[in-house]
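Worksheet: the structure to be examined is printed underneath.
Please treat every number below as a calculation from the coordinates, not as lab data. All of these numbers come straight from a predicted model, not from anything done at the bench. When we count neighbours, we look across all protein chains shown, and the Cβ atoms used for this are built from the backbone with ideal geometry, even at glycine.
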């Protein structure tokens, strides 16, 4: 549990550290039966993620030797991550299937009937995208300003009234342009495609940044920006002068023409939504239009654009060749799941309900063990409004529950956030993404379809290992605070909360392989469980080689194993050993869950910093195991442990097993592409006597688990 005392973080460097007395911290375990914080089994609560990899690495990764070493970390359940959602791609989770329009193009549905084993699978880039950049490999570009009159952006037809049941005005679709600085704009030139918008408005943003600070500002129509009788074709609109120059401009659409992308199409999706070929924004003087938008089929040269959604229509030729997802059969049959229930994703933002439903039918026909289904991934990173995401969630939930009404569905799978996710103000001024998302689900009868709430957690954006001390001290509060945010937003009581993807930093740096990566992981996972979370899934399982991750300096990687260029496991990393300690020394792999209690940490050295965190578990075997994290990278600390139960103070009796992982067991040698761990574990195990007044030493920057029996608590 987090420390009871709230402190301002202070740091002591150089020789002053050694002058501070090593007064023991007193760890008091609240061992009253009525004060249990959580019950958990490590096999379910401490899991790991698998994800997309560069082609053709899947065959090299999922070998018996690699899988054996991956399992050696002791982590339990697996969550499958879906990189295609970040890359604006539809996922052909089964390469066999059919297109809706011809044999090679249309809306895709993978085959639900199991046949040959799927080794690897691919994403398909969407040719009607309106994003200049994406959060995947960022290899695409926007069709709104690519300069090609034959291409166009189109919105997702599943966000129209035929599928949502709502008026189209309740799900306005938009395209947004970042002019790169405040510019004078009084005209827009829009080359409409089909279907075009019959009602729309051109607007400017009043705040600083609608993408990264959406809660502070509003979208306001240009003086002549509203159009109520649009007729398509190419139009040049005199907008009138805004009160001041604008950097961010959007076109928001609320009613469509119903005309079809393909003339006389029998597929209603061809005729639903909105489509734009090209947009210019600038000034109109004397009939001459000066365009400020840069048009190029290149995401480094074109004006940056964003879009509310993207039509999942695509062709066989749109397959992405440099990235692959492991086949579902590969994951379920390689051994990495241990046969445990597995969290699987369905493509939602850039796919169809039929494709998602077929995936579940396929897995169940195979007899694969599904724990939960995550609905898409990172809608906040795709700038999806909460109402649009919730509408898709409801549609896809209906399709999935038609296959299996007992499926546990969840989301919204936020990307890493340390504060409440914000959206543009709605008509009532509400900016909380989660509050509005939950409200939409509730008002449309789909809140019961939200069986769990999930998000990702990459708390530290900086690249370097420097300031690791400060970061380690921050982590427990970061996790506790964000969980409380989700609950405060109105998450129904009792809804399980999962961190389905997490690591030290959002950049592949040398921080995670350092000892700090292990300390951070233990503190993060134990804090999540202490505040009632259901589980955390460490990213990632695969043995990935070191890389010079831009914009970071140095070489780094994620996860539990260091791989070479052939993706062969070479060495366990710091989080490998931390995971083993949490899943075997601290918690127990048993049929019955362990009980997690709270603890307070008081006293300690004169610098008055909460260097030590403590997380006590009563294991199913009856032993008490206290996980102790010494976050002081420069000094050892001493602790005394008191168990406060119904019978009064109690102490470890007999021999106490002490498992330690610190600098004496592990180190990270920085040597560019040849960086490696040395020494490389394992944790040290010793035995010492317990009893009242016993002091235990925690090495500098270390994880320690004290395990033994305690009498006299009842």
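Details
- With Cα atoms, 0 to 90° folded angle of helix 353-366 axis to the chain main axis: 40
- Among beta bridges from DSSP that stay inside the chain, the antiparallel ones total about 75%.
- Modelled FRET efficiency - R0 51 Å, residue 133 with residue 687, Cβ distances, 0.05 increments: 0.35
- If you look at the Cα atoms of the stretch 505-607, you get an Rg and a Dmax of 16.2, 51 Å.
- If the chain linking residue 300 and residue 233 were pulled fully straight, counting 0.36 nm for each residue of separation and taking away their Cα-Cα distance, it would gain 21.3 nm.
- In the stretch 153-311, the alpha-carbon atoms span a convex hull of 119 Å³ per residue.
- Going through (i) 34.2; (ii) 31.9; (iii) 61.1, the figure that equals mean projected area of the Cα convex hull in nm² as computed for the structure here is (ii).
- Helix axis angle, 433-443 relative to the chain longest principal axis, alpha carbon, degrees: 70
- One decimal place: the segment residue 401-residue 451 gains 16.8 nm when fully extended, by the rule 0.36 nm per residue minus the C-alpha distance.
- Two-decimal log10 I(q)/I(0) for the stretch 449-542, as the Debye equation yields it once each C-alpha is a single scatterer, q = 0.17, 0.22 Å⁻¹: -0.71, -1.09
- The stretch 158-229 and the stretch 440-519 have Cα centres lying 32 Å from one another.
- Per-residue ellipticity at 222 nm, computed for the chain from helices alone with -39500 (n - 2.57) per DSSP H run of at least four residues, works out to -4500 deg cm²/dmol.
- On the principal axes of its alpha-carbon atoms, the stretch 535-666 has extents of 58, 44, 26 Å, going from largest to smallest.
- Simple spin-label estimate for residue 477 and residue 34 gives 3.1 nm between the two label positions (7 Å along the Cα-to-Cβ direction from each Cα).
- Tail beyond 17 Å, pair distance distribution of the stretch 119-203 (Cα, percent): 62
- DSSP beta bridges fully contained in the stretch 464-617 are about 55 percent antiparallel.
- Highest-first packing order for the peptide set 570-582, 683-695, 624-636 is 570-582, 624-636, 683-695, based on the mean count of other beta carbon atoms within 10 Å.
- Relative packing of peptides 361-370, 260-269, 120-129 - highest average C-beta neighbours within 10 Å first: 120-129, 361-370, 260-269
- Peptides 608-618, 243-253 ordered by average Cβ neighbours within 10 Å, highest first: 608-618, 243-253
- Computed from the C-beta positions of residue 226 and residue 430 and an R0 of 41 Å, the FRET efficiency is 0.95 to the nearest 0.05.
- Relative contact order (percent, whole number), the chain, Cα cutoff 8 Å, 6+ residue spacing: 19
- For the stretch 628-685 and the stretch 289-343, distance of Cα centres in Å: 42
- Take the Cβ atoms of residue 420 and residue 161, set R0 to 25 Å, and the FRET efficiency comes out at 0.25.
- Residue 101-residue 182 pseudo-label distance in nm [points 7 Å out on the Cα-to-Cβ vector]: 4.4
- In the chain, the longest principal axis of the Cα atoms and the axis of helix 386-403 are about 80 degrees apart.
- Label separation (residue 606 vs residue 591): 5.6 nm, computed from points 7 Å beyond Cα along the C-beta direction.
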